[in-house]
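K.L.:
What follows is a single structure, and I will ask about it in a moment.
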Amino acid sequence: MAFNPRMSILPPVPQQSRTRKKEEEAAYANMRLPDREIVGCINELGIPFTVADLQKPNPIQVQMIFEWFGELLMNKTRQTVDPAMRAAVEDVCSDFGDALMPADTRSLMGFYASLLRLMNHCGVNDFNFMDLYKPTHDRLVKIFSYVINFVRFRESQTSVIDEHCNRAEAAKARIEHLYVENQNHEAQLDEMRHNRRAMEALVAEKTRRNEELKKRLLELRRSQEKVAARLEDAKNKKSELAVELEEKTAAKLALKQDSAKLRPYVLQSASALQASLTELSNTLNAEKAHIDSLDRRARALQTSTDSFAVVSTDVASCIKLLDEIAIELAKEEEENVKNARQRDALTERGANVREVERTESLLKRQLAKWAERTETLRAQSHEKAQRAKEQMEELRAVHKKLTEERGEKGKDIERKRVRIEQTEKKMLDLKENIENEVHAAYDEYLKMESHIKLYITEMEQAIPSK
């Protein structure tokens, strides 16, 4: 009977993670610096630091060192990130920002975010807030080793960094120049738009005046046509009156001739005169009848002439009306073409509307599905909330207990903090004394150096003279 051992419940460690861990350990072994070298590098930067401080780190002193590294490599300190953090707190918490998040805390959090990016560039991928709040010796040795090696590498690549900085400055200057040109072009564009609007107003005014002048011209043309028609009527009437005058002059001359012819007959006898008178009366009656017929014919002709003038005027007006109708028909055809285009556009939009309706129906079905899922998730969240509430009650009890313990520890921490502050005050006084002594020694050194240079100068001047 084969024996099958019970499988372990521990998850198997993949070979890749082991290899990566070994590589990181090997890289750290190459990057690790001795404690004295780390302390010497930090002291070279002008920060008082000892091996004892590295082995038993102080959070305040460590934060000052990290702040110095941030200012050196990124030009970022607590003071530079404080305005942005203050604005963010005021935006989130409004008037309660200072009460919920003090200035020191928010500036430290903002500086930590900038410092985290620096550590990722230096190769410290596991940097966390505890390295600032509760640092340890091993963590500080690792972090300082990586940062110091990064600073050394940066100093060795100064020419490349300066080249890229110069490129960035040139690009920034080019961007600013283009931005200024863009602003100038926008100003020119606004001015051109303003001029265009002014020109459009002038064109609209000119168009309106042109339309008014066209209407006035049409009215004057109609008036001219009426005056021309009246002039033609007056000319026709003048010609008719001239003809009538000629006819009456001719009749007068004929009557004079007839009277001259009848004058010899006056001296004749009464019977002959009676006969002649009868003949003449008959002739006169015949002539009157002929003249009446001619008058009637003339009046008929005049009536026909007037009718023809009226008809010709009506025909001219009809022709003009036909021209206007032709223009209106052309406009109607243009309107029909526009209507056809609009009808096609309306058909296309109708298709788009149907497509939107289909999309809307699909979205409604998806919305119904998501609503069902939301209800399910709401029920699950309610159950989780109940469980979380129970856990919260338990955590509150634990929190109360921890608060009591924290109060007791807080008192101890307060006493230790007072001692630490006294020690720091003593250290600061000692630091000031040492700095004063260093400055005094440096001044003495400068004086001695100036005396030596003066002595050497005098010796050099005295040697050639000998």
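The values are calculated or read from the model by the stated rules, or taken from the named source; none is laboratory data. Because the structure is a prediction, the values reported are computed rather than measured. Cβ: placed from backbone, ideal geometry, glycine included. Neighbour counts: every protein chain shown. Side chains are part of the model used for accessible areas, which takes the heavy atoms of the whole protein and leaves out ligands, DNA and RNA. Shrake-Rupley method; radii C 1.70, N 1.55, O 1.52, S 1.80 Å.
K.L.:
Residues of segment 242-261 being within 30 Å of V311 (Cβ to Cβ) and open to solvent by 100 Å² or more (accessible area, probe 1.4 Å), which ones?
P.N.:
Residues satisfying the conditions are L245, E246, E247.
K.L.:
Ok, one more. Based on what the data block shows, is D98 of a type in the set (D, E, K, R), at pLDDT below 75 and out of contact with any His (no Cβ under 7 Å at 6 or more places or on another chain)?
P.N.:
Working: of a type in the set (D, E, K, R): yes; at pLDDT below 75: yes; out of contact with any His (no Cβ under 7 Å at 6 or more places or on another chain): yes.
In short, yes.
K.L.:
Are any residues in segment 109-156 within 17 Å of C41 (Cα to Cα) and among the hydroxyl-bearing types (S, T, Y), and if so, which ones?
P.N.:
S145, Y146, S156
K.L.:
Just the residues that are over 53 Å from the mean Cα position of the chain (by Cα), farther than 15 Å from V151 by Cβ and at pLDDT 75 or above, please, taken from segment 19-38.
P.N.:
P34, D35, R36, listed by residue number.
K.L.:
For segment 153-164, state whether one or more residues are touching a helix residue (DSSP H, G or I) at 6+ places or on another chain (Cβ under 6 Å) and within 18 Å of R32 (Cα to Cα). Spell out the reasoning first.
P.N.:
Kept after step one, since they are touching a helix residue (DSSP H, G or I) at 6+ places or on another chain (Cβ under 6 Å), are these residues of segment 153-164: none.
No, the conditions are met nowhere in segment 153-164.
Matching residues to (1) more than 30 Å from Q302 (Cβ to Cβ); (2) open to solvent by less than 100 Å² (accessible area, probe 1.4 Å):
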site	(1), (2)
M192	yes, no
A198	yes, yes
E212	yes, yes
E225	no, yes
D233	no, yes
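K.L.:
Same structure again: Could you run through segment 207-241 and say how many residues are within 20 Å of V315 (Cα to Cα) and basic (K, R)?
P.N.:
Qualifying residue count for the region: 4.
K.L.:
Now for a separate question. For T423, all conditions in the list (1) surrounded by fewer than 11 Cβ atoms within 10 Å (Cβ to Cβ); (2) at pLDDT 80 or above hold save one; what is the number of the exception?
P.N.:
(1)
K.L.:
Which of the numbered conditions does K364 fail, given that it passes all the others? Conditions: (1) more than 35 Å from the chain's Cα centre (by Cα); (2) open to solvent by 80 Å² or more (accessible area, probe 1.4 Å).
P.N.:
Condition not satisfied by K364: (1).
K.L.:
Something else: All but one of (1) over 28 Å from P48 (Cα atoms); (2) touching a residue at least 60 places away in the same chain (Cβ under 8 Å) hold for G407; which doesn't?
P.N.:
Going through (1) over 28 Å from P48 (Cα atoms); (2) touching a residue at least 60 places away in the same chain (Cβ under 8 Å) one by one, G407 breaks only (2).
K.L.:
With respect to K369, is the statement that it is within 30 Å of D53 (Cα to Cα) and without any contact (Cβ under 8 Å) to a residue 24 or more places away in the chain true?
P.N.:
The answer is no for K369.
K.L.:
Take K238 and decide whether it is open to solvent by 90 Å² or more (accessible area, probe 1.4 Å), within 30 Å of V310 (Cα to Cα), modelled with pLDDT of 85 or more and assigned to a helix (DSSP H, G or I).
P.N.:
no
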